[in-house]
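Asker: One structure coming up, written as structure tokens, with questions to follow.
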Amino acid sequence: MKKSNLLLMTLLGLLLLVLAACGGEESTDTESSTGDTSKEETTTDIKFLSLVTGGTQGTYYALGGTFADLISDETGIKTTAEVSQASAANANALKAGDAEIAFLQTDIAYYAKNGELMFEGQAVDDLVAIGGLYPETIHLVTTANSGITSFDDLKGKKVSVGAPGSGTYANAEQLLEVHGLTMDDIEAQNLDFGESTDGLTTGQIDAAFITAGYPTAAVEALGATTDVVIVPVEADKAEALIEKYPYYAVDTIPSGTYGLTSEVPTVSVLAMIAVKSDLPDDVAYGIAKAIYGNAGEISHAKGEFIKTETALDGIGIDVHPGAQKYFDENK
């Protein structure tokens with residue numbers, strides 16, 4: 001009996017030692033797991049990202065769905081592309097917390113960050129860039145039937161200039177300025193891209209400013225039913241514009257686009273992706289990686305311009321540290 005009791009006590013002692021060891025390991029694992037969770041909170045507590053784009057017939061919207069899918073796949077955060085009133089509205093959506101990612105024109109991003117023009121007294125102080133995308137070409141669109149071939153021909157005509165405070169409106173105002181015109185010289189119509197081309201088709205307007213990467217769906221749709229004319233921005237006017245507003249660049253719409261029989265000189269700004277500075281670094285890194293690391297998967301014609309090596313050219317505002325890390329690693 002004594003030997004049996006001794007053996008039983010020995011076994012119980014060994015069992016207690018094993019349980020204590022397991023308890024210690026469990027405690028260590030729990031601490032490790034807790035540590036990992038806290039490290040991942042910056043991404044796992046974000047369940048959804050909203051990407052604001054533009055009107056359904058613009059290039060922002062056409063690219064937005066692809067970007068949203070790429071970001072969802074890369075970050076694991078469900079991302080949805082939303083229709084919007086484009087650049088200026090998108091900057092305000094970021095400021096209000098109604099969106100986390102936005103397409104913007106570089107000129108509008110500059111105004112928003114610095115509280116100028118339509119953002120006077122309402123600066124978006126925490127606006128930062130993910131990166132630049134492609135040239136946004138300023139189209140002054142009309143039809144062969146309008147008889148409009150130059151900016152001078154716009155006097156007294158019904159011209160769509162976009163919504164007040166929009167990027168298109170600012171572009172229209174500045175281009176009119178360098179041609180010696182103002183909004184008072186035309187019958188300004190505040191229409192989106194689709195409404196503009198519908199108005200040109202029906203003759204309700206005479207011309208329309210459209211700022212978008214070519215080819216843009218709205219103008220392509222117009223070209224399917226009528227002869228499209230793009231009014232040129234001559235070299236001296238482009239030079240004067242760039243001297244006063246250096247975020248513009250010389251651009252050309254190639255022959256064959258929209259059925260054009262020759263190339264048309266014009267100007268452009270740059271499209272970009274922007275966020276707020278409080279977006280976690282690893283999420284911003286993931287957004288940059290999703291877009292620039294998978295540019296080859298973008299089927300839209302503007303995909304060829306989206307490159308890691310040129311992503312920070314002409315931005316004009318600070319770059320999010322998370323995106324900067326991605327570009328630094330992939331020079």
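The values are calculated or read from the model by the stated rules, or taken from the named source; none is laboratory data. Just so it is clear, the structure is predicted and the values come from calculations on it, not from any experiment. Note that we place each Cβ from the backbone using ideal geometry, even for glycine, and neighbour counts take in every protein chain shown. With ligands, DNA and RNA removed, areas are computed over all heavy atoms of the protein, side chains included. Shrake-Rupley method; radii C 1.70, N 1.55, O 1.52, S 1.80 Å.
Asker: Structure shown: which of Lys307/Lys331; Lys113/Lys276; Lys276/Lys331; Lys244/Lys307; Lys78/Lys289 lie over 21 Å apart, alpha-carbon to alpha-carbon?
Answerer: Correct reply: Lys276/Lys331; Lys244/Lys307.
Asker: Rounded to a whole number, what % of the accessible area of region 211-331 do carbon and sulfur atoms account for, probe 1.4 Å?
Answerer: Carbon and sulfur atoms account for 48 percent of the accessible area of region 211-331.
Asker: Using the alpha-carbon atoms, what tilt in degrees (0 to 90, nearest 10) does helix 167-178 show relative to the longest principal axis of the chain?
Answerer: 40
Asker: How would you classify region 111-154 from its alpha-carbon gyration tensor, with a ≥ b ≥ c the square roots of the eigenvalues: rounded for a/c under 1.5, else prolate if a/b is greater than b/c, otherwise oblate?
Answerer: oblate
Asker: I'd like the accessible area for His300, computed on protein heavy atoms only with a 1.4 Å probe and all protein chains in place. Round to 10 Å², please.
Answerer: The accessible area of His300 comes to roughly 40 Å².
Asker: Label points 7 Å out from Cα along the Cβ direction at Glu187 and Ala144: separation in nm?
Answerer: That separation, rounded to one decimal, is 2.5 nm.
Asker: Where only protein heavy atoms count, and the probe is 1.4 Å, what is the accessible area per residue for region 155-201 in Å²?
Answerer: Value returned for region 155-201: 41 Å² of accessible area per residue.
Asker: Between Ala235 and Glu120, what FRET efficiency follows from the Cβ-Cβ distance if R0 is 30 Å, with the result rounded to 0.05?
Answerer: Efficiency at R0 = 30 Å is approximately 0.40.
Asker: Could you provide, to the nearest whole Å², the per residue accessible area of region 280-331 with probe 1.4 Å?
Answerer: Value returned for region 280-331: 50 Å² of accessible area per residue.
Asker: Leaving out same-chain residues fewer than 8 places away, which aspartates and glutamates sit with a Cα under 14 Å from that of Lys155?
Answerer: Lys155 reaches Glu173, Glu177, Asp184, Asp185, Glu187, Asp206.
Asker: Excluding ligands and nucleic acids, what accessible area in Å² is computed for Met118 using a 1.4 Å probe, to the nearest 10?
Answerer: 60
Asker: Still on this structure: How far, in nm, would the chain grow between Asp98 and Asp278 when pulled straight, counting 0.36 nm per residue and subtracting the alpha carbon separation?
Answerer: Extra length available between Asp98 and Asp278 comes to 63.4 nm.
Asker: For the pair Leu260/Asp318, report the inter-label distance in nm, with labels modelled 7 Å from Cα in the Cβ direction.
Answerer: Roughly 3.9 nm, to one decimal.
Asker: Still on this structure, please answer the following. Can you find, among Thr79, Tyr134, Tyr61, the residue farthest towards the positive end of the dipole of the chain? Put +1 on the C-beta of Lys and Arg, -1 on that of Asp and Glu.
Answerer: Projecting each Cα onto the dipole axis, the largest value belongs to Thr79.
Asker: Quick one: accessible area per residue over region 55-137, 1.4 Å probe, rounded to a whole number of Å²?
Answerer: Here the per-residue accessible area is 36 Å².
Asker: In region 47-181, what percent of the accessible surface is made up of carbon and sulfur (1.4 Å probe, ligands and nucleic acids excluded)?
Answerer: 45
Asker: Take every Cα-Cα distance within region 227-292, group them into 5 Å bins from 0 onward, and report for each bin the whole-number percent of pairs it holds.
Answerer: Computed distribution, short to long bins: 4, 14, 17, 13, 11, 12, 12, 10, 7, 1.
Asker: What ranking of Lys244, Lys95, Lys331, Lys157 comes out by heavy-atom accessible area, probe 1.4 Å, highest first?
Answerer: Sorted by accessible area, descending: Lys331, Lys244, Lys95, Lys157.
Asker: On to the next question. Stretched out fully, how many nm does the piece from Thr310 to Lys331 gain, at 0.36 nm a residue minus the Cα gap?
Answerer: Full extension from Thr310 to Lys331 adds 6.6 nm.
Asker: Let me ask something else. Convex hull volume of the Cα atoms in region 167-280, per residue, in Å³?
Answerer: 137
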